[in-house]
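Worksheet: one structure, shown below.
The values are calculated or read from the model by the stated rules, or taken from the named source; none is laboratory data. Since this is a predicted model, take the numbers as computed values, not measurements. Here the Cβ positions follow ideal geometry from the backbone for every residue, glycine too, while neighbour counts run over all protein chains shown.
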Amino acid sequence: MKEREAGGGRREAGNQAGFSVPASSAASAVPPPASHLPPPAIRMEGIDKSFGAIRANRGASLQVMPREIHALVGENGAGKSTLMRILGGLMKPDAGRVEVNGRDATGWSTNEAIAAGIGIVHQHFMLVPTLTVAENLVLGCEPKVRRIVLDYSRAAESVRTLSNETGLVIAPERLISDLSVGEAQRVEILKVLFRGAKLLVLDEPTAVLSPPEVRELWTVLRRLRDNGDTIVLITHRLDEVVDLSDTITVMRAGKTVARIKTSETTPAEIARLMVGRDVSLSAGKRVQPVDRATAPQPDQGLEVGGLTVMGSRGIRVIDDVSFTVKPGEILGIAGVEGNGQTEVIEALAGLRPVFSGTIMVDGAEITRRTVAERHDVGLSHIPEDRHRRGLILEYTVANNLILGVQKHFSSHGIIDRDRVMENALTEISSFDIRPPSPVLAARALSGGNQQKVVVAREMGREFSVLLASQPTRGVDVGAIEFIHQQLLDARAQGKAILLVSAELNEVLALSDRIAVMYRGKFAVVMPAVQASEEVLGEYMIGTKKGTAA
Amino acid sequence: MTTATQPLAAKPTLAGTPWRERAEEALIPPFVALLVALICGDLLILSYGQSPASVYRLLLEGTWGNAYGFGQVLYKATTLAFTGLAVSFGLRAGLFNIGGESQLAAGGFAAALTGLALPVGTPLLLSLPICMIAAGVAGGIVGFVPAYLKTRFGAHEVIVTIMLNFIVLALLNWFIAGHLHVPETLHTPEIHAGVLPRLADIDPRFHGSAANLALVVAVIVAFAVWFYLFRARGGYELRAVGLQPQAAEYGGISVGRAWMRALTFSGVIAGIGGINYVLGYKHYYEDGFAGGAGFLGIAAALVGRNHPFGVLVAAFFFATLSQGGLAIHAFVPKQMMDVLQGVVILAVAMAVPEVRGILRGARRRTAA
């Protein structure tokens, strides 16, 4: 703090954002950048930040040049978000130095960060659903008539102008609650731009987007860069990094392990830097058919006939869908989110009433059975939302590992705690859940390890059919690889697996056959060997229909 | 497909959140709340021109300082323990039972009717369970109605339990005033069977105080609730529903059935509380005997952090305040204790997240 008030020397010219903090005298400690080069937009050196015993950042560094798209990658818990929170003024570093556009910004406040043109787009949307797009954008700085009445038309006008400039097209008068996830994200980005951000930080922006929406976002981000903005993209999807970024910073265990030009590296190298060992990447791979000594029984596996599910307004969200998943087979369902994938899985799992049709597991009809009865006939289910459905966050890992099978871990209505603990210790070691403590609350685990708890529970017991919905959503590379291997092992053991994923790569890499859902129906079912991202993409957006050759 | 090298699994340990940390988080917030309440009490006492020290001394002497006062605290704590346990049981399933008052009254009424109906001289070992069952069933019926309306029609349990308080209490009043009362009073005749021994029968120093065997029943019920919640499958499922209903549903737990169980048994527990007054103290049912204990049970549940043993402690604490109000009445109005109760509840509600945050912050700093 003191250094900042002391200095008054150099002032940056051409700072549109109105950065009014005087440059620090301590800046002289850092060698001044060569005069013909602009200073880095962000320069963070030797950042330390601890939370109790956890050292989120230890000597982390980051250097982002102006007008580049910089990818900040690393596994969950590598310290990316902490670093960005320090940049955004939400946290103060324990040690280290932050410079923005060449001036000291160590330990500044959020207001200073915003004034300096830093805009952070958070992973979770922070919009008011009952207000319109324009109202959300002007929230906190509303244009007013005679200082009292909100000037709606002016707000809408300025939103429209910004929208046209950036290509983030959205009607200002629409309600947030009516927007799709992709549109809501556009509003989030518009919001930070509206406040004059020239340096955008996007935290996992594609976690909830479909491939077409991702492509649109890429176009927008490239255009913003070409217009002179600087973009930091936090992600752990390697394909995105390679697609979009100019430069990459890799973090591992709180440290910066590499800063590389994207053109000079490969996804495999990035993955190795992130995890610290060689990783087999699923991208571009295809599964080999499993050799079977005997043909499977005709009625084994999952058989769905004429499944119809009604939505909230009497619309058929699932409309007469039939398919089978044979033992030893993975059927992947691709599709833009919201085309009925969630509903199919929920109907099969017993969490959503079936209007008509039949569901059979190993020849037993379960259409009207309860969730618990479905468990008993051998149905396992990895739900798409582990925080809402898959885990009870306040329960310990041990207690979460028996959710759904608590009946089998109790006698005469009393839970057998020794067996619960024994089971937990077994699953924790076989699924490598960290930290390896059964008595820790699930909330205390990282996203990847929480997902491992769910996977361990659903795959660690006897089952014949597995519903795997977004099994690797929001999970780091190491855990993705592990979960994929689990799915493939189960397939090799003759389990029937229905896989739903928003990650086309995942569907392509793991499935024997792929179905594309479009508006509650299967637009196509094809062998995975014939599928590619381009082919599936056309079915996903509805331009192509019918069965492929 | 190449098989990835499996990372070496770390050896599992039983290490979790350290005990000390958990104990601190459970215990410190209520004590901070108590401290805040004491300071507010000081200011109130000063505003009456009295010395806080002497008033507090009087309060302690009148409650824990002599056998009679202590007995009275125990007696009052017994009813609060029942209603507090009832509320906390519902809250564990995510349901707010505001109907403790009428469930308590219905239980007391049923206990009195049973006690009247049983032949004179029925041994206590027989009469007490019968009266308890009657009280529990009566409370359970009052608890079942909102449970049914919630699961069947989605009626909010808070509204239904509040409204049921009026209906049930009015019905009981009608029964008493119209049919069962001893002339010139609003109570039933004295019961012949099921009279509970008092503490004074064991230790004569408690002479005159109403503390009775129901206290032991309350402690047993607290243990039973604890065992059910934390050791039984039903409790695992009930708490799961309270914490994350959608995850519970995913885990094959019927949310509706868990709600039914939680609210009905919440009513049962409050209903059994009726024996304290009816079997243990007056030996008859009197209109309005609950006297707000059903509502104060909500405070006991909140201050006791929904843990059965915490509720026992909180019930004891609120009983002390209530009895203490009588002891200091000569110096300051006893309503001051009601104010203090309110301050404690507010302080606990605010202190829990606040103090926890401060505790964690302090730990972080010492660790760094």
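Is one or more of the residues making up the range B:162-178 more than 21 Å from B:V142 (Cα to Cα) and surrounded by fewer than 18 Cβ atoms within 10 Å (Cβ to Cβ)?
There is at least one residue in the range B:162-178 that is more than 21 Å from B:V142 (Cα to Cα) and surrounded by fewer than 18 Cβ atoms within 10 Å (Cβ to Cβ).
Could you list all residues from the range A:510-519 that are modelled with pLDDT of 90 or more and of a type outside the set (D, E, K, R)?
A:L510, A:S511, A:I514, A:A515, A:V516, A:M517
So which residues in the range A:418-456 are under 17 Å from B:A247 (Cα atoms) and assigned to a helix (DSSP H, G or I)?
Hits for the range A:418-456 are A:A442, A:R443, A:G447, A:Q450, A:Q451, A:K452, A:V453, A:V454, A:V455, A:A456.
Which condition number does A:I428 fail, the rest of (1) more than 9 Å from chain B (Cβ to nearest Cβ); (2) buried (at least 16 other Cβ atoms within 10 Å of the Cβ) being met?
(1)
I'm trying to understand the selection: among the residues of the range A:438-460, which are within 11 Å of chain B (Cβ to nearest Cβ) and surrounded by fewer than 19 Cβ atoms within 10 Å (Cβ to Cβ)?
A:V439, A:A441, A:R443, A:A444 - these are the residues of the range A:438-460 that are within 11 Å of chain B (Cβ to nearest Cβ) and surrounded by fewer than 19 Cβ atoms within 10 Å (Cβ to Cβ).
Just one of A:V309, A:V290, A:V275 is at pLDDT 65 or above and within 30 Å of A:G494 (Cβ to Cβ); which is it?
A:V309
Within the bounds of the range B:11-23, is there any residue that is modelled with pLDDT of 80 or more, exposed (fewer than 14 other Cβ atoms within 10 Å of the Cβ) and either within 28 Å of A:A398 (Cβ to Cβ) or not β-branched (V, I, T) (or both)? First the steps, then the outcome.
Keep residues of the range B:11-23 that are modelled with pLDDT of 80 or more, which gives none.
No, the range B:11-23 has no match at all.
Each row is one residue, and each column tells you yes or no for (1) among the hydrophobic types (A, V, I, L, M, F, W, C); (2) touching a residue at least 40 places away in the same chain (Cβ under 8 Å).
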residue	(1), (2)
B:Q244	no, no
B:A258	yes, yes
B:A262	yes, yes
B:N276	no, yes
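Can you find, within the range A:343-389, the residue that is surrounded by the fewest Cβ atoms within 10 Å (Cβ to Cβ) among those that are more than 13 Å from chain B (Cβ to nearest Cβ) and part of a helix (DSSP H, G or I)?
Within the range A:343-389, the subset more than 13 Å from chain B (Cβ to nearest Cβ) is A:343-344, A:347, A:354-365, A:367-368, A:378.
If we keep only those that are part of a helix (DSSP H, G or I) as well, we get A:343-344, A:347.
Values: A:E343: 22, A:V344: 28, A:A347: 24.
This residue is A:E343.
Step by step: first the residues of the range A:398-417, then only those that are within 16 Å of B:Y228 (Cβ to Cβ) and in a loop (DSSP other than H, G, I, E, B), then the one that is nearest to the other protein chains (Cβ to nearest Cβ). Which residue is that? Reasoning before the result, please.
Within the range A:398-417, the subset within 16 Å of B:Y228 (Cβ to Cβ) is A:399, A:406, A:410-417.
Okay, now just the ones that are also in a loop (DSSP other than H, G, I, E, B), so A:412-413, A:416.
Details: A:H412: 9, A:G413: 5, A:D416: 10 Å.
Only one residue fits best here, namely A:G413.
Could we say that A:I433 is within 11 Å of chain B (Cβ to nearest Cβ), among the hydrophobic types (A, V, I, L, M, F, W, C), under 22 Å from B:G235 (Cβ atoms) and crowded, with 19+ Cβ neighbours inside 10 Å here?
no
So which residues in the range B:179-195 are assigned to a loop (DSSP other than H, G, I, E, B), at pLDDT below 85 and surrounded by 14 or more Cβ atoms within 10 Å (Cβ to Cβ)?
Selection gives B:H181, B:H192.
In the range B:199-224, what residues are touching a residue at least 24 places away in the same chain (Cβ under 8 Å) and closer than 28 Å to B:L169 by Cα? Lay out the reasoning, then the answer.
Quick first cut of the range B:199-224, residues touching a residue at least 24 places away in the same chain (Cβ under 8 Å) only: B:199-200, B:203, B:205-215, B:217-219, B:221-223.
Correct list: B:S209, B:A210, B:A211, B:N212, B:L213, B:A214, B:L215, B:V217, B:A218, B:V219, B:V221, B:A222.
Out of B:P197, B:P183, which single residue is within 29 Å of B:A211 (Cα to Cα) and touching a helix residue (DSSP H, G or I) at 6+ places or on another chain (Cβ under 9 Å)?
Sole residue among the options that is within 29 Å of B:A211 (Cα to Cα) and touching a helix residue (DSSP H, G or I) at 6+ places or on another chain (Cβ under 9 Å): B:P197.
Looking only at the range A:488-507, which residues are modelled with pLDDT of 90 or more, aliphatic (A, V, I, L, M) and either surrounded by 24 or more Cβ atoms within 10 Å (Cβ to Cβ) or not in a helix (DSSP H, G or I) (or both)?
Within the range A:488-507, A:A496, A:I497, A:L498, A:L499, A:V500, A:V507 qualify.
Quick one: which residue in B:V219, B:V225 is surrounded by fewer than 17 Cβ atoms within 10 Å (Cβ to Cβ), in contact with a Leu (Cβ under 8 Å, 6 or more places away or on another chain), modelled with pLDDT of 90 or more and not hydroxyl-bearing (S, T, Y)?
On the way: B:V225 fails: surrounded by fewer than 17 Cβ atoms within 10 Å (Cβ to Cβ).
Just a single option satisfies the conditions, and that option is B:V219.
Does the range A:129-138 include one or more residues that are touching an Asp or Glu at 6+ places or on another chain (Cβ under 9 Å), in a strand (DSSP E or B), under 24 Å from A:E213 (Cα atoms) and in contact (Cβ under 8 Å) with a residue 12 or more places away in the chain?
There is at least one residue in the range A:129-138 that is touching an Asp or Glu at 6+ places or on another chain (Cβ under 9 Å), in a strand (DSSP E or B), under 24 Å from A:E213 (Cα atoms) and in contact (Cβ under 8 Å) with a residue 12 or more places away in the chain.
So which residues in the range B:265-292 are in a helix (DSSP H, G or I) and in contact with a Leu (Cβ under 6 Å, 6 or more places away or on another chain), if there are any at all?
Across the range B:265-292, the qualifying residues are B:I269, B:A270, B:G274, B:L279, B:G280.
Which members of the range A:364-401 meet the condition of being in contact with a strand residue (DSSP E or B) (Cβ under 8 Å, 6 or more places away or on another chain) and within 23 Å of A:L307 (Cα to Cα)?
Listed by number, the residues that qualify are A:E365, A:I366, A:T367, A:R374, A:V377, A:G378, A:L379, A:S380, A:H381, A:I382, A:P383, A:E384.
Got at least one residue in the range B:240-250 being under 19 Å from A:D416 (Cα atoms), surrounded by 20 or more Cβ atoms within 10 Å (Cβ to Cβ) and more than 7 Å from every other protein chain (Cβ to nearest Cβ)?
No - not one qualifying residue is present in the range B:240-250.
Give just the number: which of (1) part of a helix (DSSP H, G or I); (2) in contact with a Ser or Thr (Cβ under 9 Å, 6 or more places away or on another chain); (3) without any contact (Cβ under 8 Å) to a residue 40 or more places away in the chain does A:I170 not satisfy?
Among (1) part of a helix (DSSP H, G or I); (2) in contact with a Ser or Thr (Cβ under 9 Å, 6 or more places away or on another chain); (3) without any contact (Cβ under 8 Å) to a residue 40 or more places away in the chain, the lone unmet condition for A:I170 is (1).
Scan the range B:268-288 and tell me whether some residue there is under 30 Å from A:H387 (Cα atoms) and either facing another protein chain (nearest Cβ under 8 Å) or small (G, A, S) (or both).
No, every residue in the range B:268-288 fails to be under 30 Å from A:H387 (Cα atoms) and either facing another protein chain (nearest Cβ under 8 Å) or small (G, A, S) (or both).
Does B:G234 qualify as being part of a helix (DSSP H, G or I), within 14 Å of chain A (Cβ to nearest Cβ), of a type outside the set (F, W, Y) and surrounded by fewer than 22 Cβ atoms within 10 Å (Cβ to Cβ)? Quick ask: steps written out before the conclusion?
Numbers: part of a helix (DSSP H, G or I): yes; within 14 Å of chain A (Cβ to nearest Cβ): yes; of a type outside the set (F, W, Y): yes; surrounded by fewer than 22 Cβ atoms within 10 Å (Cβ to Cβ): yes.
Yes: the conditions hold for B:G234.
Yes/no matrix, rows are residues, columns are (1) aromatic (F, W, Y); (2) touching a residue at least 40 places away in the same chain (Cβ under 8 Å); (3) within 30 Å of A:S180 (Cβ to Cβ):
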| position | (1), (2), (3) |
| --- | --- |
| A:G107 | no, yes, no |
| A:T110 | no, no, yes |
| A:I114 | no, yes, yes |
| A:H124 | no, no, yes |
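Looking at the structure I just gave you, is B:A248 more than 28 Å from B:V182 (Cα to Cα), in a helix (DSSP H, G or I) and free of Cβ contacts under 8 Å to residues at least 12 places away in the same chain? Let's see the steps before the verdict.
Values: more than 28 Å from B:V182 (Cα to Cα): yes; in a helix (DSSP H, G or I): yes; free of Cβ contacts under 8 Å to residues at least 12 places away in the same chain: yes.
For B:A248, the condition - more than 28 Å from B:V182 (Cα to Cα), in a helix (DSSP H, G or I) and free of Cβ contacts under 8 Å to residues at least 12 places away in the same chain - is met.
Name, by its number, the condition in (1) modelled with pLDDT under 80; (2) loosely packed, with under 15 Cβ neighbours inside 10 Å; (3) over 29 Å from the mean Cα position of the chain (by Cα) that does not hold for A:D151.
(2)
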